[in-house]
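This report concerns only the one structure given below.
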Amino acid sequence: MPITIGDVAREAGVSTSTVSKVLNNWTTISPATAERVQETIRKLNYTPNSRAVSFARQTTQNIVYLTSLSKDEAYHNPHMFDIMCGVNKVLSESNYSLTLVDTSTDTDKGESVAKVMSKKCADGMIIHGSAINKEIADLITKQQFPHILIGHPGFDTQLCWVDTNHALAGQTAAEYLISCGYGDIAFIGGRQTDYISTQRLKGFLGTMHQYGYLVAADKICYTDSGIEESCQAALALLQSNKPPRAIVCENNTIALGTVKAIEKLSLKVPEEIAFLTFDLYPYTKILDPKPVVIDINVYDMGIQAGNMLLRKLENPSLQIQTYTTLPVICA
């Protein structure tokens, strides 16, 4: 039979509540009693039940990670796992467990969030941007439940969030290409409603203007971020009367389409055309020719999110809305 807290109490000559208080580091227990209990724990080789300890502390020592886990999600959202790994590293070091909760099967908006909060099965939650909307944001802030959102929500809210500065990434891309002697630069982005794409374009255009370069409207292309549309956009740019000397591709898939266009026209990189994209994954390692890459360390962003949630648990009134993790050039 496993040793129980009652066995420890009898052997040490104290009550079970005293043993519980020693396990939870209560300062009201005398040092002599605490030492006697600890000696008994070692003698009997007693291992406290983590759930019982958490219950006594009025905490679950569990954090929920809310995200969409639908089929092929890893291909649509390749950075989610790296972020999750960063979060888990920080939480595990503080003896927290991390539980995945899938929001893709919710029949009502906010169903999973409401269950987590009502069942009190977690001390807080990390919410991936794919799992947020205005209704869920209002529900969380109304309940004042400890949380950190990964990514800018895209709407006005009192939610706590962390994100990478996508405008700064666009700025870094423009500065790098200008430093390499390229002034005539085009930009192929996603849809005009895509938040990340518009932020990267904003940073790019602002920096080009700052350095005295005008980017004509026909040098800015919007696509569905698919390979074919991106390829057609790149072909149109490269076959125009005045083709650009460099192209900024807003994401890896657009870079794939751009490579197809470069191959069709048999252009040399970087002698005849240079191109740059953001994020190392999922495709830059297999692209040939290789682009210049502006990398965002999303693992570090997960670490930052985990640390900020721990701070939020200590101070529930703490409001966090910040950009973190700087873009890095991988030429």
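Being out of contact with any Gly (no Cβ under 7 Å at 6 or more places or on another chain) and open to solvent by less than 30 Å² (accessible area, probe 1.4 Å) is true for just one of 25, 62. Which residue is that? Give the steps one after another, and end with the answer.
Values: 25 fails: open to solvent by less than 30 Å² (accessible area, probe 1.4 Å).
Being out of contact with any Gly (no Cβ under 7 Å at 6 or more places or on another chain) and open to solvent by less than 30 Å² (accessible area, probe 1.4 Å) holds for just one of 25, 62, which is 62.
If residue 265 satisfies all but one of (1) within 26 Å of the chain's Cα centre (by Cα); (2) surrounded by fewer than 16 Cβ atoms within 10 Å (Cβ to Cβ); (3) modelled with pLDDT of 95 or more, what's the number of the condition it fails?
Going through (1) within 26 Å of the chain's Cα centre (by Cα); (2) surrounded by fewer than 16 Cβ atoms within 10 Å (Cβ to Cβ); (3) modelled with pLDDT of 95 or more one by one, residue 265 breaks only (1).
Among the listed residues 84, 125, identify the single one that is within 19 Å of residue 303 (Cα to Cα) and touching a His at 6+ places or on another chain (Cβ under 6 Å). Even if it seems obvious, please write down each step before you answer.
Details: 84 fails: touching a His at 6+ places or on another chain (Cβ under 6 Å).
So the residue among 84, 125 that is within 19 Å of residue 303 (Cα to Cα) and touching a His at 6+ places or on another chain (Cβ under 6 Å) is 125.
For residues in segment 149-179 being of a type outside the set (A, V, I, L, M, F, W, C) and part of a helix (DSSP H, G or I), which is most open to solvent (accessible area, probe 1.4 Å)? Break it down stepwise before answering.
Start the filter on segment 149-179 by keeping residues that are of a type outside the set (A, V, I, L, M, F, W, C), which leaves 151-154, 156-158, 163-166, 170-172, 175-176, 179.
Checking the rest, the ones that are also part of a helix (DSSP H, G or I) come to 166, 170-172, 175-176, 179.
On the way: 166: 17, 170: 0, 171: 64, 172: 24, 175: 65, 176: 50, 179: 90 Å².
Applying the filter and picking the extreme gives 179.
Which residues, counting only those in segment 98-141, are under 14 Å from residue 60 (Cβ atoms), open to solvent by 10 Å² or more (accessible area, probe 1.4 Å) and within 18 Å of the chain's Cα centre (by Cα)?
Of everything in segment 98-141, those that are under 14 Å from residue 60 (Cβ atoms), open to solvent by 10 Å² or more (accessible area, probe 1.4 Å) and within 18 Å of the chain's Cα centre (by Cα) turn out to be 98, 99, 101.
Do you know which residues across segment 87-117 are under 19 Å from residue 132 (Cβ atoms) and either part of a helix (DSSP H, G or I) or among the small types (Gly, Ala, Ser) (or both)?
Taking segment 87-117 and keeping what is under 19 Å from residue 132 (Cβ atoms), we get 87, 98-117.
The answer is 87, 104, 110, 111, 112, 113, 114, 115, 116, 117.
Please determine, by comparing only the residues of segment 305-331 that are among the β-branched types (Val, Ile, Thr) and outside any loop (DSSP other than H, G, I, E, B), which one is nearest to the chain's Cα centre (by Cα). Step through it out loud before you land on a result.
Keep residues of segment 305-331 that are among the β-branched types (Val, Ile, Thr), which gives 320, 322, 324-325, 328-329.
Narrowing the set further to residues that are outside any loop (DSSP other than H, G, I, E, B) leaves 322, 328-329.
Details: 322: 13, 328: 17, 329: 20 Å.
Within segment 305-331, the match that is nearest to the chain's Cα centre (by Cα) is 322.
The values are calculated or read from the model by the stated rules, or taken from the named source; none is laboratory data. Quick caveat, the model's predicted, so the values are computed rather than measured. So basically every Cβ, Gly included, is an ideal-geometry build from the backbone, and we count neighbours across all protein chains shown. Protein only, heavy atoms only, side chains kept; ligands, DNA and RNA dropped before computing areas. Shrake-Rupley method; radii C 1.70, N 1.55, O 1.52, S 1.80 Å.
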